[in-house]
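Visitor: Dropping a structure here in structure tokens format, bear with me for questions.
The values are calculated or read from the model by the stated rules, or taken from the named source; none is laboratory data. A quick note: this is a predicted structure, and the numbers were derived from the prediction, not measured. Cβ atoms come from the backbone with ideal geometry, glycine included; neighbour counts cover every protein chain shown.
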Amino acid sequence: MESQPADPHSNEEQRDARHHLVQHHEVVIVGAGFAGLTAAQRLGRAGVDVVLIDQNPYHQFQPLLYQVATSQIAVSTVARPLRAIFRKLRGHVTVRTAKISTIDAPNRTVMTTDGLAYSGQILVIAAGAEPSFFDTPGAKEHAFPLYSVDDATALSSAMLGALDRAATTRDATPSDTAPSETAFSVAVVGGGPNGVETAGAIAENINYVVAKYYSPQFAVTACQVHLVDMLDTVLSPFTDKSQHYAADRLRAMGVRLRLGTAVTSVDSHGITLADDSTISANVVIWVAGLQANSLLDTSGLSTGRGGRIDVESDLSVAEAPGVYVLGDAANIVDAKGRHLPQLAAVAQQSGKWAAANIEADLQGQPRRAFEYLDKGVLAMVGRGQAVAELGTHRRRVLGPLAFVAWLVVHVGLLSGVAQRLSAVVSWCRDYFTHSRPQVVVHQPGAYARARSGSPTTTEPD
Ligand SMILES: Cc1cc2nc3c(=O)[nH]c(=O)nc-3n(C[C@H](O)[C@H](O)[C@H](O)COP(=O)(O)OP(=O)(O)OC[C@H]3O[C@@H](n4cnc5c(N)ncnc54)[C@H](O)[C@@H]3O)c2cc1C
């Protein structure tokens with residue numbers, strides 16, 4: 001790694017160079033999610049000098065965050081240290097843990113909050129997205145998002161705190177006094193795959209784990225989970241039959257569906273809906289939508305659909321030579337003119353493809369247009385059941401067979417042998433015993449707030 005002054009031709013860089021020590025690499029990658037990680041791995045193996053910068057020292061596996069939040073798997077299963085991933089490639093890939101504050105796309109330079117700048121021949125922006133609360137009053141303050149490892153541990157701590165409070169209150173209530181309201185209630189806002197999986201997992205916890213660890217009577221009479229969406233259906237990206245199957249399964253597990261009504265506000269007591277009805281909830285989980293990462297606004301690049309950056313068919317940015325944007329940060333349109341969805345498979349494949357084009361750039365070869373291989377969509381709906389629509393033709397599979405497909409795909413997507421083994425062991429143990437040895441309060445502040453009765457505030461610990 002070489003440290004050298006910034007290019008003196010740029011006023012912007014001259015200004016930044018006064019404040020930042022600039023380090024130069026062939027390729028600078030912003031974000032070690034599915035896209036950035038895959039690109040760095042492929043470039044590192046090809047001997048390209050890469051710096052990979054992420055605010056976290058680990059790669060986080062978002063598809064299983066809901067299982068961390070519901071104590072089904074350990075945090076270490078979804079957070080794999082970047083330095084472990086790149087140990088064998090450390091001669092080529094430099095890992096930096098830093099929060100990037102500004103992207104100077106024309107100069108292919110990024111500035112970090114710790115006063116450093118990284119500049120490259122090529123800049124790859126793979127900074128992902130962030131939760132969107134759609135300006136719903138109270139949502140940001142009182143609802144728990146589920147986007148990061150931090151979110152998942154805060155949520156699990158708050159749910160454990162609320163559950164312990166509910167159990168204590170019930171135990172202190174004289175047996176001849178009927179309690180007037182549900183003691184433990186969770187409202188999940190957003191009926192997409194993430195909301196369906198989360199609500200299903202909480203229902204399973206109530207039915208099996210709370211019943212086992214607290215009491216069956218407490219689980220049945222005092223615990224509830226609600227799933228709310230403004231659309232008339234759950235799983236909107238899936239076909240009607242899959243949607244009906246998922247809704248029926250959720251109801252059978254005890255999830256109370258509230259569809260076709262928007263949430264208008266959230267407060268410390270729960271949520272209010274557009275028809276002025278309310279759902280009281282100790283914990284509100286917000287999985288209703290995502291927006292582009294606000295870091296993109298600093299890049300000077302023009303943004304398109306959803307605030308993301310429009311890319312060319314080869315994943316580069318027309319207005320900024322040497323800049324690629326990948327995964328959830330990009331608007332990627334395939335050869336048939338379809339906008340590709342924000343999925344792990346799109347991010348991973350775009351990372352691999354961009355790396356090949358970057359190698360071509362460095363060797364003076366032509367780039368190739370991105371071809372996405374659509375493997376379909378999946379969602380787990382409680383224990384041993386899932387919906388799968390596989391391949392470009394969306395071949396539908398429902399039930400246990402879809403569950404097997406879900407397991408295979410997620411084990412394949414997980415990064416690391418230890419993480420894969422740990423997930424499989426947890427799933428098997430959970431399936432056969434319903435035990436939760438990985439229940440840990442990771443964020444004592446979130447637990448204590450929920451335990452003391454002010455549960456839906458999301459102040460950081
Ligand atoms: C809860 C959840 C469940 C999901 N489930 C599925 C699923 O089942 N199947 C599926 O296909 N897809 C799923 N997705 C979508 C999938 O996870 C995303 O499409 C994918 O992660 C996008 O990859 P990415 O590399 O573009 O961004 P990300 O994976 O989000 O990575 C972005 C990286 O950039 C880093 N970063 C961001 N800002 C900064 C900054 N300022 N400074 C430094 N670093 C920064 C972040 O820390 C992160 O590591 C899910 C998403 C969520 C949130």
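Visitor: Quick check on VAL346: is it among the hydrophobic types (A, V, I, L, M, F, W, C), in contact (Cβ under 8 Å) with a residue 40 or more places away in the chain and farther than 19 Å from ARG45 by Cβ?
Guide: Values: among the hydrophobic types (A, V, I, L, M, F, W, C): yes; in contact (Cβ under 8 Å) with a residue 40 or more places away in the chain: no; farther than 19 Å from ARG45 by Cβ: yes.
It is false that VAL346 is among the hydrophobic types (A, V, I, L, M, F, W, C), in contact (Cβ under 8 Å) with a residue 40 or more places away in the chain and farther than 19 Å from ARG45 by Cβ.
Visitor: For region 247-260, which positions are buried (at least 16 other Cβ atoms within 10 Å of the Cβ) and touching a residue at least 24 places away in the same chain (Cβ under 8 Å)? Let's see the steps before the verdict.
Guide: Here is the first cut: in region 247-260, the ones buried (at least 16 other Cβ atoms within 10 Å of the Cβ) are 247, 249-250, 253-258.
Answer for region 247-260, where residues must be buried (at least 16 other Cβ atoms within 10 Å of the Cβ) and touching a residue at least 24 places away in the same chain (Cβ under 8 Å): ARG249, LEU250, MET253, GLY254, VAL255, ARG256, LEU257, ARG258.
Visitor: Can you find even one residue in region 404-411 that is in contact with a strand residue (DSSP E or B) (Cβ under 9 Å, 6 or more places away or on another chain) and free of Cβ contacts under 8 Å to residues at least 24 places away in the same chain?
Guide: The first filter runs over region 404-411 and keeps only residues in contact with a strand residue (DSSP E or B) (Cβ under 9 Å, 6 or more places away or on another chain), leaving 404-407, 409-410.
Going one step further and asking which of them are free of Cβ contacts under 8 Å to residues at least 24 places away in the same chain, we end up with 404, 407.
For region 404-411, residues in contact with a strand residue (DSSP E or B) (Cβ under 9 Å, 6 or more places away or on another chain) and free of Cβ contacts under 8 Å to residues at least 24 places away in the same chain: present.
Visitor: Also, quick follow-up: For GLY416, all conditions in the list (1) surrounded by 15 or more Cβ atoms within 10 Å (Cβ to Cβ); (2) at negative phi hold save one; what is the number of the exception?
Guide: Result: GLY416 fails condition (2) only.
Visitor: Can you tell me which residues in region 308-326 are touching a strand residue (DSSP E or B) at 6+ places or on another chain (Cβ under 9 Å), surrounded by 15 or more Cβ atoms within 10 Å (Cβ to Cβ) and under 24 Å from ASP374 (Cα atoms)? Talk me through it step by step, then tell me what you get.
Guide: Step one: of region 308-326, the residues touching a strand residue (DSSP E or B) at 6+ places or on another chain (Cβ under 9 Å) are 308-311, 313-318, 320, 322-326.
If we keep only those that are surrounded by 15 or more Cβ atoms within 10 Å (Cβ to Cβ) as well, we get 308-311, 314-317, 320, 322-326.
Passing the criteria: ARG308, ILE309, ASP310, VAL311, ASP314, LEU315, SER316, VAL317, TYR324, VAL325, LEU326.
Visitor: List the helices (runs of 4 or more DSSP H) that sit entirely inside region 49-165 and contain at least 3 residues that are closer than 14 Å to GLY31 by Cβ, hydrophobic (A, V, I, L, M, F, W, C) and within 16 Å of the ligand (Cβ to nearest atom).
Guide: none
Visitor: Can you tell me which condition THR392 does not meet? The list is (1) in a strand (DSSP E or B); (2) surrounded by fewer than 18 Cβ atoms within 10 Å (Cβ to Cβ); (3) β-branched (Val, Ile, Thr), and all the others hold.
Guide: With (1) in a strand (DSSP E or B); (2) surrounded by fewer than 18 Cβ atoms within 10 Å (Cβ to Cβ); (3) β-branched (Val, Ile, Thr) applied to THR392, the lone miss is (1).
Visitor: When you check HIS269 against the structure, is it within 30 Å of THR136 (Cα to Cα), modelled with pLDDT under 95 and not assigned by TED's automatic domain parsing to the domain that holds VAL196, yes or no?
Guide: no
Visitor: Oh, and also: Mind telling me which of the residues ASP150, ASP114 ends up being closer than 30 Å to ASN282 by Cα and surrounded by fewer than 21 Cβ atoms within 10 Å (Cβ to Cβ)? Spell out how you get there, then give the answer.
Guide: Values: ASP114 fails: closer than 30 Å to ASN282 by Cα.
Checking each option against the conditions leaves just ASP150.
Visitor: So which of ASP361, ASP314, ASP275 is away from the ligand (no atom under 12 Å from the Cβ), outside any helix (DSSP H, G or I) and under 27 Å from ASP54 (Cα atoms)?
Guide: Working: ASP361 fails: outside any helix (DSSP H, G or I); ASP275 fails: under 27 Å from ASP54 (Cα atoms).
So the residue among ASP361, ASP314, ASP275 that is away from the ligand (no atom under 12 Å from the Cβ), outside any helix (DSSP H, G or I) and under 27 Å from ASP54 (Cα atoms) is ASP314.
Visitor: Return the pair list, or none, for Cβ contacts closer than 8 Å from residues in region 289-308 that are farther than 19 Å from ILE29 by Cα to residues that are among the hydroxyl-bearing types (Ser, Thr, Tyr) and outside any helix (DSSP H, G or I), at least 6 apart or on different chains.
Guide: GLY289/SER132; LEU290/SER132; LEU290/TYR147; GLN291/SER132
Visitor: Another question about this same structure. Of the residues SER415, SER426, which is at pLDDT below 90 and not acidic (Asp, Glu)?
Guide: Working: SER426 fails: at pLDDT below 90.
After ruling out the rest, the residue left standing is SER415.
Visitor: Further question on the same structure: When residues of region 341-358 are filtered for being part of a loop (DSSP other than H, G, I, E, B) and touching a strand residue (DSSP E or B) at 6+ places or on another chain (Cβ under 7 Å), how many remain?
Guide: Taking region 341-358 and keeping what is part of a loop (DSSP other than H, G, I, E, B), we get 341-343.
Of the ones still in play, those that are also touching a strand residue (DSSP E or B) at 6+ places or on another chain (Cβ under 7 Å) are 342.
Final tally of qualifying residues: 1.
Visitor: Scan region 355-373 and tell me whether some residue there is among the hydroxyl-bearing types (Ser, Thr, Tyr), crowded, with 21+ Cβ neighbours inside 10 Å and either closer than 27 Å to GLN342 by Cβ or not assigned by TED's automatic domain parsing to the domain that holds VAL188 (or both). Before you say what the answer is, go through the steps one by one.
Guide: Restricting attention to region 355-373, the residues satisfying the condition of being among the hydroxyl-bearing types (Ser, Thr, Tyr) are 372.
Cutting the leftovers down to crowded, with 21+ Cβ neighbours inside 10 Å gives us none.
No, region 355-373 has no match at all.
Visitor: Here is a check on your reading of the model: is TYR58 under 23 Å from the mean Cα position of the chain (by Cα) and closer than 20 Å to ALA201 by Cβ? Explain how you work it out, then say what you get.
Guide: Values: under 23 Å from the mean Cα position of the chain (by Cα): yes; closer than 20 Å to ALA201 by Cβ: no.
Spelling it out, it is not the case that TYR58 is under 23 Å from the mean Cα position of the chain (by Cα) and closer than 20 Å to ALA201 by Cβ.
Visitor: Scan region 388-399 and tell me whether some residue there is on the phi > 0 side of the Ramachandran plot and at pLDDT below 90.
Guide: Within region 388-399 (the criterion being on the phi > 0 side of the Ramachandran plot and at pLDDT below 90), the answer is yes, since at least one residue qualifies.
Visitor: When ALA379 is evaluated against the numbered criteria (1) in a helix (DSSP H, G or I); (2) under 21 Å from the mean Cα position of the chain (by Cα), which criterion, by number, is the only one it fails?
Guide: Just one mismatch for ALA379, condition (1).
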